Amino acid sequence: MSSYNAIQHHARATPGFEARVAHAVALLREAAEDHPGSVVQASSLGVEGMVLTDLIARHRLPIAVATLDTGKLHAETLALLPAIEQRYGLTVEVHRPRAEAVVHFVGRHGELPMRQSVELRQACCSLRKVEPMQRLLAGRTAWITGLRREQSETRANTPHRETAADGREKFYPLADWSLQDIWHYVELHEVPYNALHDQHYPSIGCEPCPRAGALGEYERAGRWWWEQDTAKECGLHQRPLPLNPGRRLADERDAERDTEPAAA
Ligand code: SF4
C-alpha cells in the first residue's frame, strides 16, 4: 500500500491564490449569466473537475454538471458520482457511447485497439468520447472545462474564455491555476477527489490508457504513453491537430453511421 498522498505532495499556498479563486468564480458567474440554462461543466472527474464542481456548488451557480462514461473508466472514477451527489446534492448527467457502435468496434478490433495504432486510438476516443460529447453539448451554448496551461505544451495558450469553431463558448476558469493551487484548494475545502491521484495518476482517463506519472513529465505525459510524438488530446479539446478527413478509418465512418444524430 503506497503512502503517497497527493495533497501532501502538491498543496502549496502561493501568492495570488485568492485572486485566482475569485477570478475563477467571476468567470463561472459570467458563464451562468451569459448562457442562462444552457451552460454545462463537462467534468472528467479528475481533480480539476472536482474543484470546478465544488466552486459551482459552493456559490450556488445555475450550471449543470455532466460527465462521459466511456465504458472504460476506473472504478475509482465512477465512485465519485455518488460522492458528488452525497456531498453537494448534485446529480451529475452521465453520457455514454452508443452500445451498438461499441459492440461493432470491439468486435472488429478487440478490447485494446488503442495499442495498435494512433489512428485506432483516435477512433476509440471518437467513438467513446467525441460522439457522446456531442450529445452532452446538444442544446447548450457554452461549456466549462478544467484545462490548465501547465498541463501540456498543447494547452500552454489556453485562454479564460473563447468561442469554439462550433460557435459555442468555452470557459476555462482554471487556466492560470498551478497544480499547487488545485491541491491547496482541495485541502482547504476538503473536496472529494479521485483515489487514483494518490496512486501517482496526475491525469485521469480511461482504465487502459493512462499510467502513473514520472517526475519531470508534463501532467498528461502518462496519457497514451506508448505514443511518442503526437499531441495527446482525445478530440474534445483538440485545436491544432484535427483528424485528417482523408485518413479517417472505416470504423469511424461505421460508428457514425450506426449512431443517430445528436438531439438538438
Ligand atoms: S482514452 Fe483510451 S479507452 Fe478511452 S476512449 Fe480514448 S483510446 Fe478509448
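The values are calculated or read from the model by the stated rules, or taken from the named source; none is laboratory data. Keep in mind the model is a prediction, meaning the values are calculated, not measured. A quick note on method: Cβ atoms are made from the backbone with ideal geometry, for glycine too, and the neighbour counts reach across all protein chains shown.
Okay, residues lined up against (1) at positive phi; (2) of a type outside the set (V, I, T); (3) out of contact with any Leu (no Cβ under 8 Å at 6 or more places or on another chain):
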{"position": "S126", "(1), (2), (3)": "no, yes, no"}
{"position": "A138", "(1), (2), (3)": "no, yes, yes"}
{"position": "P173", "(1), (2), (3)": "no, yes, no"}
{"position": "I182", "(1), (2), (3)": "no, no, no"}
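Per-residue answers, yes or no, for (1) over 17 Å from the mean Cα position of the chain (by Cα); (2) modelled with pLDDT of 95 or more; (3) part of a loop (DSSP other than H, G, I, E, B):
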site	(1), (2), (3)
L188	yes, yes, no
H197	no, no, no
A221	no, no, no
T230	yes, no, yes
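Yes/no matrix, rows are residues, columns are (1) assigned to a loop (DSSP other than H, G, I, E, B); (2) away from the ligand (no atom under 16 Å from the Cβ):
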{"site": "M114", "(1), (2)": "no, no"}
{"site": "R121", "(1), (2)": "no, no"}
{"site": "C125", "(1), (2)": "no, no"}
{"site": "E162", "(1), (2)": "no, yes"}
{"site": "A165", "(1), (2)": "yes, yes"}
{"site": "L174", "(1), (2)": "yes, yes"}
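From the list L27, L68, L52, the lone residue that is within 16 Å of the ligand (Cβ to nearest atom) and either at pLDDT 95 or above or surrounded by 18 or more Cβ atoms within 10 Å (Cβ to Cβ) (or both) is L68. Per this entry, V103 is counted among residues that are β-branched (V, I, T), away from the ligand (no atom under 11 Å from the Cβ) and farther than 14 Å from C209 by Cβ. When we screen V94, V47 for residues that are surrounded by fewer than 18 Cβ atoms within 10 Å (Cβ to Cβ), more than 14 Å from the ligand (Cβ to nearest atom) and at pLDDT 95 or above, the only hit is V94.
For the range 175-204, a tally of residues being in contact with a helix residue (DSSP H, G or I) (Cβ under 8 Å, 6 or more places away or on another chain) and without any contact (Cβ under 8 Å) to a residue 60 or more places away in the chain returns 3. Within the range 77-91, restricting attention to residues that are under 19 Å from G205 (Cβ atoms) and touching an Asp or Glu at 6+ places or on another chain (Cβ under 9 Å), the residue that is surrounded by the most Cβ atoms within 10 Å (Cβ to Cβ) is T77.
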